[in-house]
1. Starting from residues that are of a type in the set (Gly, Ala, Ser) and at negative phi, keep the ones in region 208-230 and report whichever is surrounded by the fewest Cβ atoms within 10 Å (Cβ to Cβ).
2. Given the conditions (1) closer than 30 Å to SER181 by Cα; (2) within 12 Å of the ligand (Cβ to nearest atom), and given that ILE95 satisfies all but one, which numbered condition is not satisfied?
3. Answer yes or no as to whether THR302 is touching a Gly at 6+ places or on another chain (Cβ under 6 Å) and either in a helix (DSSP H, G or I) or β-branched (Val, Ile, Thr) (or both).
4. Take the residues in region 63-78 that are over 13 Å from THR14 (Cβ atoms) and more than 8 Å from the ligand (Cβ to nearest atom), then tell me which one is surrounded by the most Cβ atoms within 10 Å (Cβ to Cβ).
5. Within region 45-62, is there a residue that is surrounded by 21 or more Cβ atoms within 10 Å (Cβ to Cβ), over 30 Å from ASN179 (Cα atoms) and within 36 Å of the chain's Cα centre (by Cα)?
6. Among the residues of region 17-54, what is the count of those that are in contact with a strand residue (DSSP E or B) (Cβ under 9 Å, 6 or more places away or on another chain) and within 16 Å of the ligand (Cβ to nearest atom)?
7. List the pairs whose first member sits in region 49-76 and is closer than 24 Å to ARG217 by Cβ, whose second member is of a type in the set (Gly, Ala, Ser) and within 11 Å of the ligand (Cβ to nearest atom), and whose Cβ atoms are under 6 Å apart, counting only residues at least 6 apart or on separate chains?
8. Taking the condition of being closer than 20 Å to GLU202 by Cβ, among the small types (Gly, Ala, Ser) and without any contact (Cβ under 8 Å) to a residue 12 or more places away in the chain, how many residues in region 278-329 meet it?
Amino acid sequence: MPYTVLARKYRSQTFDEVIGQDPIARTLKNAIKTAKVAHAYLFAGTRGVGKTTMARVLAKALNCLAFETPTTQPCCKCESCIAVNVGDDIDVIEIDGASNNRVDEIRELRQNAIYRPARSRFKIYIIDEVHMLSTGAFNALLKILEEPPSHVKFIFATTEPNKVIATIQSRCQRFDFNNISARLIAEQLKSILEQEKIKYQEDLVLPLAKMANGSMRDGLSLLDRLISTGSEPLTTELLEEFLGQPNSEKIYHLTAEIGDSNAAGTLAALEDLVSAGLSEVQIVDSLIDCMRDLMVAKSTGTESELLILTAEQRSRAGELAEKFDTAALIYNITTLEKLRWSIKNSDTPRALLEASLLRFALSEHFLNVDQLLSQLQTGSSAAQKKKQPARSVRNETSIEQRGKPETTADEQTQDKPVLNHPKTASQRKNELINDPAVKTVLIGLDATITGIEEAKNQKP
Ligand SMILES: [Zn+2]
């Protein structure tokens, strides 16, 4: 028997089956019950969240031959329902806006729309990615939307509603589809694995659901890929091997080394991930996720609903969170996010990643340097500094200071008495540049230097 992809095999058939879009399903059912179905709908939302599925359910509900009038429970067995299910009905016409975007095609649609449906109550046009239509095509469409024949319904779907012209939007009833939560995706994946009688490791499902990023279709196609490997049971190791998802244990290990300020251990743990075939960007993404989990665990406790983790991962996140303070985690996340973009445009992504991770691991060694540099920037004397110890030219610096209550700004200033003398800015700059400690740090840290330049430019 040929393999049917899961997204097709398990496509929701009724309003009650559509996952994660209950309010929309309820509103549409109400419209059918009260005979107030609009003549045009706009379904907006990211890919794979159920827009086309919902459009087909609505089409079946309007046209089901088992009932005299539109129904909230289409039979899914009549000729019309079966044809709509596979997108091949004579009265329910599915058009891909991306490939049929020319004005002629919409004119043709307009001419055909005049004719009554062949066997059902309505002629229904489902136009996917409607924002891709050309301006001419939009205008042609607008003409028919202004005075649609009573037997015509339109369902437009788009991932970019802002590109759908206002005159079309104002003639549609719009529904915004939510991204589907990882928890709901995980439930569906589990139920499918059980129906398919495929053995799997319990810990596999949540990470897989998280990888889908709110898209049920992506979740199912990831599962398709795992199933196609032919290995059973499906395990978390398969995620690493076939889907490039870092093993969570390895990411936890790297995070622990950073938290323990172990420079050598940090680089070794990174090497472990790189040699497993992961790209720098994948590693950064996973670290952002991990640091985010620690931040949430630290702020709301490990039992928080905000954590999409297995029981074992929760306790692990709790332990790891002890190694960081919240401010450091916030700093790390924002730095990693910036790093992600730098890495994509860098010829030396590995070095950038290593430098940044060492920066996290050795954060206490950087406090004095940041403090000195901020003094250099403001050109203020130590006395002025004391009046405003919390102010710093860089947000990152102040975050770090707040995160390290054991060293105050004053102590740090005293560490380097050289700055207490009234010297010119250029004298201070020379002293700083020639300071061996500063030199070492600056050489390794492209990111820090850039940050200072930016801050300088921002000064009025
Ligand atoms: Zn039917």
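All of the numbers you see were taken from the coordinates with simple rules; none came from a lab. Note that the structure is predicted; figures quoted are calculated from it, not measured. Note: ideal-geometry Cβ built from the backbone for every residue, glycine included; neighbour counts use all protein chains shown.
1. SER228
2. Only one criterion in (1) closer than 30 Å to SER181 by Cα; (2) within 12 Å of the ligand (Cβ to nearest atom) is unmet by ILE95, namely (2).
3. yes
4. So, considering only residues that are over 13 Å from THR14 (Cβ atoms) and more than 8 Å from the ligand (Cβ to nearest atom), the one surrounded by the most Cβ atoms within 10 Å (Cβ to Cβ) is PRO70.
5. No, region 45-62 contains no residue that is surrounded by 21 or more Cβ atoms within 10 Å (Cβ to Cβ), over 30 Å from ASN179 (Cα atoms) and within 36 Å of the chain's Cα centre (by Cα).
6. Within region 17-54, residues that are in contact with a strand residue (DSSP E or B) (Cβ under 9 Å, 6 or more places away or on another chain) and within 16 Å of the ligand (Cβ to nearest atom) number 0.
7. Note: pairs meeting the criteria are PRO74/ALA61.
8. 1
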